[in-house]
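Derivation of every value follows stated rules applied to the coordinates shown; laboratory data play no part. Just so it is clear, the model here is predicted, and its values are computed rather than measured. All Cβ positions, glycine included, derive from the backbone under ideal geometry; neighbour counts span all protein chains shown.
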């Protein structure tokens, strides 16, 4: 990815001593993290490592136990939600709605939503905007959600398992969609288990294990230091 | 922003209401026709059927209001506490606006349901019979004024209005508090409702006792102490208002401080 150094150095997401506990269980140990603007970051870790907890905290879907999060200088709230475009790992739309009705909703609530971009992506994936979500396959619903999320000119895109439920051909389209549609000054955080599929688009990776950040480095660094792809290195680090 | 949220809240919930209203109005027409059987037929079986249908019709009227609360509560649960909550809580909207919209939405549907109930009665009773009953209302109002009961009417009206707002709000608060628990969220919501109901009952009973002090019985106040009854009704009004505020802020604070999706 071509980015200026200035863009890359400006912090977009800052976490200070961020932690999350569920009763006596610590899902996320105090975490300090600074993610700059203009990066595509892979959030990687085995099941139960704290990826989804971290993503939910960024989106205000759960409340933190301690610490602080700032997105573009704002704590989690209305202002942060204006600049975060979030794709959850589940279907969160009203199944009885048509795609057009959902586009209306996004247009009404998100100032940065680009309807023409969404319609163009729907057309290229041959999804009829007049059709209802409940008539669509699981994979098509996921594509619709991704289109909605990537049609925003957000500053931070958070994609939780964006390619898990779709066929390999659609995965390529989705990855192209992510690269082509995100604002180069924006940052994309992608949480996934399908590392080999996405590593060609990643700039940086964060390894999470048992609720702790064990590694935050660039993909180039991993390749140069360990002589391995991210997927290979991940398998080595998290070998069962 | 409230207007936008309310627009989508109304849109999300209108289908089950329209079906219920449609069913009730069709049942009203059917009940009107079946009512005639009672007048013109002596056949026992036919009359039994007519009576059973009329009982079912009365139950359907009750069901309208029960359905109204169920639809409102299910909509709240789905919007905030299921996967749809991932969209609701990531919209750039204040939590207070989201909750306020649900409250306004609920009150609007309660009023529309009441209106549909009135229309159903017009169909069932027939316009002439219905308006004969309606004509009594102005006379009742005159009587209320004549006997100096206007104050009571206003107090009871205010209490009724707050009860309409409180009916869904208490359930919203219980669900919002219940979701704070990591496990058995629905059970926790029900437990919260039981505890809240117990507290409200306790305070209401205590109030009756306090306002009855110096009187031999509660009936004594009703019949002989106008001032005492006014004081009691004003207390109930203020108590309902306080509950409204508590439920509203309990819902907002539970989501703001302890959201657990």
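So the values come out like this:
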read-out: Value of relative contact order over chain B, rounded to a whole percent, pairs C-alpha under 8 Å and six or more apart; value: 23 percent
read-out: Residues A:103, B:229 arranged by fewest to most Cβ contacts within 10 Å; value: B:229, A:103
read-out: Cα-projected label distance for residue A:34 with residue A:10, points at 7 Å along beta-carbon direction, nm; value: 1.5 nm
read-out: Cβ neighbours within 10 Å from other chains - mean over B:80-91; value: 6
read-out: Burial ordering of A:151, B:189, fewest other beta-carbon atoms within 10 Å first; value: B:189, A:151
read-out: Percentage relative contact order, chain A, counting C-alpha pairs under 8 Å, at least six apart; value: 26 percent
read-out: Evaluated at q = 0.13, 0.14, 0.19 Å⁻¹: base-10 log I(q)/I(0), Debye formula over Cα of region B:148-261; value: -0.60, -0.67, -0.97
read-out: Cα-derived Rg over Rh, computed across region B:49-191 with Rh taken as Kirkwood radius; value: 1.09
read-out: Shielding by other protein chains, B:6-13, mean Cβ within 10 Å; value: 2
read-out: Most fluctuating residue given options B:195, B:170, B:73, as computed from a GNM of chain B linking Cα atoms under 10 Å; value: B:195
read-out: Rounded to 5, percent antiparallel among DSSP beta bridges of the protein assembly as shown; value: 60 percent
read-out: Inter-chain Cβ neighbour average for residues A:88-94, partner chain, 10 Å; value: 5
read-out: For region B:1-25 and region A:113-175, distance of Cα centres in Å; value: 28 Å
read-out: Protection proxy ranking of B:230-238, A:49-57 - average other beta-carbon atoms within 10 Å, highest first; value: A:49-57, B:230-238
read-out: Simple label model, 7 Å out from Cα along Cβ direction - residue B:54 to residue A:100, nm; value: 4.9 nm
read-out: Chain B: C-alpha gyration tensor shape, a/c 1.5 cut-off, then a/b vs b/c; value: oblate
read-out: For chain B, calculated [θ]222 nm from helices alone, where every DSSP H run of n ≥ 4 adds -39500 (n - 2.57); value: -30500 deg cm²/dmol
read-out: Rg/Rh for the protein assembly as shown, where both radii come from Cα atoms and Rh is the Kirkwood radius; value: 1.10
read-out: Region B:1-147, relative contact order in percent, only Cα pairs under 8 angstrom and at least six apart counted; value: 39 percent
read-out: Taking B:111, B:76 and counting other C-beta atoms within 10 Å, the order from fewest to most; value: B:111, B:76
read-out: Between region B:167-195 and region B:52-124, the Cα center-to-center distance that results, in Å; value: 18 Å
read-out: Residue B:194 versus residue A:209: modelled label distance in nm, points set 7 Å from Cα along the beta carbon direction; value: 4.7 nm
read-out: Helix A:99-109 vs. chain A, principal-axis angle (Cα, 0 to 90°, nearest 10); value: 60 degrees
